[in-house]
Amino acid sequence: MLTIAGAGAAHITAAHAQAKLDEKDPQAQALGYVADATKVDTKKYPKYAAGQVCTNCAIFQGKATDAWGGCPLFAGKQVAGKGWCTAWAKKP
């Protein structure tokens with residue numbers, strides 16, 4: 001954990017320090033990532049079904065209530081909890 005000292009000191013975890021994944025990132029584009037799953041192009045990605053979001057994906061590294069969380073497919077970046085990509089897999 002990174003600690004910032006001084007007046008109004010805050011504790012920042014590594015997850016909070018990670019950049020948010022940009023939909024224009026080459027890896028994001030390769031996997032059809034969108035930060036808002038309601039905007040998935042269903043003609044291009046027919047595998048998508050309503051209700052599939054990063055927070056209920058088996059590989060999402062966060063809690064179901066997290067707005068952003070880690071994903072091993074996008075190392076060092078956070079994905080939107082309401083996002084989606086073609087690697088989505090139902091949590092067991």
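The values are calculated or read from the model by the stated rules, or taken from the named source; none is laboratory data. All figures in this text were calculated on a predicted structure; none of them were measured in a lab. So basically every Cβ, Gly included, is an ideal-geometry build from the backbone, and we count neighbours across all protein chains shown.
Values as computed for the structure displayed
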{"item": "Strands (runs of 3 or more DSSP E) wholly inside the chain containing at least 3 residues that are loosely packed, with under 14 Cβ neighbours inside 10 Å, at pLDDT below 95 and out of contact with any Ser or Thr (no Cβ under 7 Å at 6 or more places or on another chain)", "result": "2-4"}
{"item": "TRP68 aromatic (Phe, Trp, Tyr) and in contact with a Phe, Trp or Tyr (Cβ under 8 Å, 6 or more places away or on another chain)", "result": "no"}
{"item": "Those residues of the range 39-58 which are over 13 Å from GLY81 (Cβ atoms) and β-branched (Val, Ile, Thr), in sequence order", "result": "VAL40, THR42"}
